[in-house]
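Let me begin by presenting the structure, written as structure tokens, before commenting on it.
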Amino acid sequence: GVNTVYIVVSVNESYVETIKSPEIGEKFGEDAVRVYESLIDEAKSSGFAVIVILEYGVETDGGISKKVKDVDEFINEFSKLALKWARIAEEHNAEFFSPINEFDQVLKENNLDTEEIIEKEGEFYNNLLPKIEDEFSGKIFCKLGSVHKNEVFNVTGCNIIGITITPSRVDENSR
């Protein structure tokens, strides 16, 4: 049966945590943090293992955008958030932590080419993961997107790597 649940922490363009649901309305910043903490605690008390994963996205009329104003600023600000959430995940006894969901897709949506994406993503993880290990004792989950279906990714600090490949993106050469 199911034994592990994701708690996906939404982060907006101001690098602030957000959560929106019919039950609680919309919360931002520390109000949202408290809601996420209670969700982690509730999952743990129900016997689930927990993966805490950060998700960047900006609501637009057309859905969710991963566009950023400045990629280097994004990396700096998101790194700070990842360390904050590594501490929170540790405090609430989460088993797994992912500093960002599909960072390659953020870079891709901001018009970086594949080589730049692999380079920036490698730098991000290689700089950040040792710091996360100082804050979080569980398993570090590196959640990658479709850029990685045919690309080598070398990060030694990941305990678990997940790659999203949807059927529409699978070709005969990658089977």
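We did not get these values from a lab; they are worked out from the coordinates using the rules stated. A quick note: this is a predicted structure, and the numbers were derived from the prediction, not measured. So basically every Cβ, Gly included, is an ideal-geometry build from the backbone, and we count neighbours across all protein chains shown.
Beta-bridge orientation, the chain: approximately 35 percent antiparallel, per DSSP, counting only bridges with both partners inside. Can you compute the label reach from E26? Point 7 Å from Cα along the Cβ direction, backbone N cut-off under 11 Å, restricted to segment 53-96. Backbone N within reach: 59-60. With each label modelled as a point 7 angstrom along the Cα→C-beta vector, the D41-I163 pair spans 4.0 nm. Working note: Karplus 6.51/-1.76/1.60 with θ = phi - 60° gives segment 28-37 the couplings 10, x, 5, 5, 5, 4, 4, 5, 4, 4 Hz, where Gly and Pro are set to x. With the cut-off at 15 Å, report for segment 37-85 the share of all Cα pairs above it, as a whole percent. Result for the distance tail: 62 percent. Highest mobility in the GNM of the chain, judged by mean-square fluctuation with C-alpha springs under 10 Å and restricted to E135, E17, E26, is found for E26. Compared with the direct C-alpha span, the chain from E91 to K69 gains 4.7 nm at full extension, assuming 0.36 nm per residue.
Taking a point 7 Å from the Cα of E77 along the Cα-to-Cβ direction, the residues of segment 7-28 with backbone N closer than 12 Å to it are 11-17. The mean sequence separation of alpha-carbon pairs under 8 Å and at least six residues apart, normalised by the residue count of segment 4-174, gives a relative contact order of 19 percent. In this structure, K139 and D61 have a Cβ-Cβ separation that, at R0 = 30 Å, corresponds to a calculated FRET efficiency of about 0.20. Quick query: amide H of E95 versus all other amide H atoms, modeled in the peptide plane; which residues come in under 5 Å with a sequence gap of 5 or more or a different chain? Under 5 Å from the amide H of E95 lie the amide H atoms of V50, each far enough along the sequence or on another chain. What do you get for the angle between helix 114-135 and the principal long axis of the chain? Use alpha-carbon atoms, 0 to 90 degrees, nearest ten. That works out to roughly 30 degrees.
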